Amino acid sequence: MSPPSNNAARERLRIAIQKSGRLAEPARALLAACGLSWRESRDRLFCYGESLPIDLLLVRDDDIPGLIADGVCDLGVVGRNELDEQAGERARNGLPPAYRELRPLGFGACRLMLAIPEEWEWRGPEQLQGLRIATSYPAILSSWLDVRGIEAGVVELSGSVEIAPKLGTADLICDLVSSGATLAANHLKPVETLLESEAVLAGPVRDYDDARAELMAMLLRRMDGVLKVKDNQLLMFRAPAESVDALAKLLRDAEPLTRLPINDDGSLNLQTMHHGAVSWQLLEELERAGARNLMVLSVERSLA
Ligand code: PRT
Ligand code: ZN
């Protein structure tokens, strides 16, 4: 099945996600958690939405901002680095904004950083004056340099940026970093962060006034419900009333305890939403402080 043309009646919402790569699986998992399901097509570029009139377009991440700008897609899951770079490029070419970040999505975290040869001493951005910097993010880098009044050469490369200093095509680099292993393997060290990035939901600059508006509002609400509880766990246990204060003190990363009806033996049933995973160590501490029948449940979604 091929994607419907851009001019087709837009009763359905179309979301662009990465076909393969770092953001592909988490993006699908997030949308599935929002209740979306699709009929897979053989070419796997277009997936027709079955549970809701929301279709998927599977593309390269670089294409996502442009697809939104052109109105081919309504929403996209893309790295902030890519979105900001292409927005910067549009601005530099005198074009108006064509998309915006609607939600940070909590995966695909990385930083756009300047990295210099290990043996250099870093004395600050002024040091960059007159040097050549290799990057795949020329717009973000250029405006960062402009703001600081630094004149440096921006060498645009589409990949393997980290080997540019070794090849002599640049003095240092500006690239994405997550673990830092790639920099270390190339004898480079990170010195400045230009952008904290993660996957984001991108959408159009103006709200829709057709059937898509309602679909979009529903999807955002569901997404908020999934994101809000994403790393949370529900912790349930019973405890004697006199232990409750001590137990509450141990639960530093949790909502205030909710007390449920009292048991026959006078103990209380308690529950709380814990932010982040509940560790074995915490469970054992709670047990020592009087909690019994401890139970940890994963939380999938919530509606406020
Ligand atoms: O085919 P397509 O064009 O869709 O994929 P792609 O190869 O352009 O993208 P992909 O899948 O590599 O990355 C997609 C998005 O993931 C990026 O736009 C970022 O938003 C995000 N992301 C998160 C990263 C990283 N972490 C990351 N570490 N993108 C790239 N990297 C690179 C980094 O530059 C380094 O070269 O991965 C390498 C390993 O990083 P270290 O620091 O862990 O060694
Ligand atoms: Zn790409």
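With a Förster radius of 41 Å, plug the Cβ-Cβ distance of Tyr48 and Ala109 into 1/(1 + (r/R0)^6) and report the FRET value to the nearest 0.05. The partial results should precede the final answer.
On the way: r = 31 Å, r/R0 = 0.76.
So, using R0 = 41 Å, E works out to roughly 0.85.
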Once Rh is set to the Kirkwood radius over Cα pairs, what Stokes-Einstein translational diffusion coefficient, in µm²/s, holds for the chain at a temperature of 4 °C and a viscosity of 1.567 mPa s? 57 µm²/s
Percent of alpha carbon pairs in segment 110-197 separated by more than 16 Å? 46 percent
For segment 28-141, the Cα-Cα pair-distance distribution in 5 Å bins from 0, as whole percents, is 2, 9, 15, 18, 16, 12, 10, 7, 4, 4, 2, 0
Separation of the Leu250 and Glu126 label points, Cα + 7 Å toward Cβ, nm: 5.5 nm
Mind jotting down the three principal axis lengths of segment 142-236 based on Cα atoms? Whole angstrom, largest first. 53, 44, 25
Report, to one decimal in Å, the Kirkwood hydrodynamic radius for segment 165-214 based on all distinct Cα pairs. 14.8 Å
Report the equivalent ellipsoid semi-axes for segment 156-304 in whole Å, largest first, defined as the square roots of five times the eigenvalues of the gyration tensor built from alpha carbon atoms. 47, 27, 10
Tell me, how many Å apart are the Cα centres for segment 267-304 and for segment 209-266? 10 Å
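Please tell me the relative contact order of the chain in percent, rounded to the nearest whole number, where contacts are Cα pairs under 8 Å and at least six residues apart. Spell out each step's value before the answer.
Working: 582 pairs, mean separation 54.6, N = 304.
Taking the mean separation of contacting Cα pairs over the length of the chain, I get 18 percent.
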Yeah, segment 232-298 with a ≥ b ≥ c from its alpha-carbon gyration tensor (a/c under 1.5 is rounded, else prolate when a/b outruns b/c, oblate otherwise) is prolate
Any idea how far apart Ile163 and His187 come out in nm if each label point goes 7 Å out from Cα toward Cβ? 1.5 nm
For the chain, the longest principal axis of the Cα atoms and the Cα long axis of helix 138-147 enclose an angle in degrees, to the nearest 10, of 90 degrees
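Where nothing but the Cβ of Lys and Arg (+1) and of Asp and Glu (-1) is charged, how large is the charge dipole of segment 172-276 around its Cα centre, in debye to the nearest 20?
On the way: 11 positive and 16 negative charges, 26 e Å.
My answer is approximately 120 debye.
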Give, in nm to one decimal, the length gained when the segment between Arg22 and Tyr208 is fully stretched (0.36 nm per residue of separation minus the Cα-Cα distance). 64.0 nm
Against the longest principal axis of the chain, how steep is helix 24-33, in degrees 0 to 90 to the nearest 10, with axes from Cα atoms? 40 degrees
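When the chain is fully extended, how far beyond the present Cα-Cα distance does Glu40 get from Lys228, taking 0.36 nm per residue of separation?
Working: separation 188, 0.36 × 188 = 67.68 nm, distance 2.89 nm.
Stretched fully, the Glu40-Lys228 segment lengthens by 64.8 nm.
Hey, any idea what % of the chain's accessible area is carbon plus sulfur with a 1.4 Å probe? All intermediate terms of the calculation are to be shown ahead of the outcome.
Values: 8030 of 16120 Å².
Roughly 50 percent of what the probe reaches on the chain is carbon or sulfur.
Residue separation times 0.36 nm, minus the C-alpha to C-alpha distance between Leu297 and Asp265: what's the value?
Values: separation 32, 0.36 × 32 = 11.52 nm, distance 2.45 nm.
The span from Leu297 to Asp265 would gain 9.1 nm if fully extended.
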Per residue solvent-accessible surface (Å²) - the chain, probe of 1.4 Å: 53 Å²
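Taking the Cβ of Pro165 as the center, what net charge do the other residues with Cβ under 12 Å away carry, scoring Lys and Arg +1 and Asp and Glu -1?
Working: positive: Arg132, Lys166, Lys189; negative: Glu118, Glu119, Glu162, Asp171, Asp175.
Net local charge, Pro165 excluded: -2.
If the only charges are +1 at each Lys and Arg Cβ and -1 at each Asp and Glu Cβ, what is the size of the charge dipole of segment 232-298 around the Cα centre, to the nearest 20 debye?
Values: 6 positive and 9 negative charges, 18 e Å.
For segment 232-298, the charge dipole is close to 80 debye.
Please give the charge dipole size of the chain, origin at the Cα centre, charges +1 on K and R Cβ atoms and -1 on D and E Cβ atoms. Round to the nearest 20 debye.
Values: 34 positive and 45 negative charges, 119 e Å.
For this selection, approximately 560 debye.
The values are calculated or read from the model by the stated rules, or taken from the named source; none is laboratory data. Only a predicted model underlies this, so the values are computations on that prediction, with no experimental measurement involved. Every residue, glycine among them, receives a Cβ derived from its backbone with ideal geometry; neighbour counts consider all protein chains shown. The protein model used for the area step is the full one, side chains on, heavy atoms only, and it has no ligands, DNA or RNA in it. Shrake-Rupley method; radii C 1.70, N 1.55, O 1.52, S 1.80 Å.
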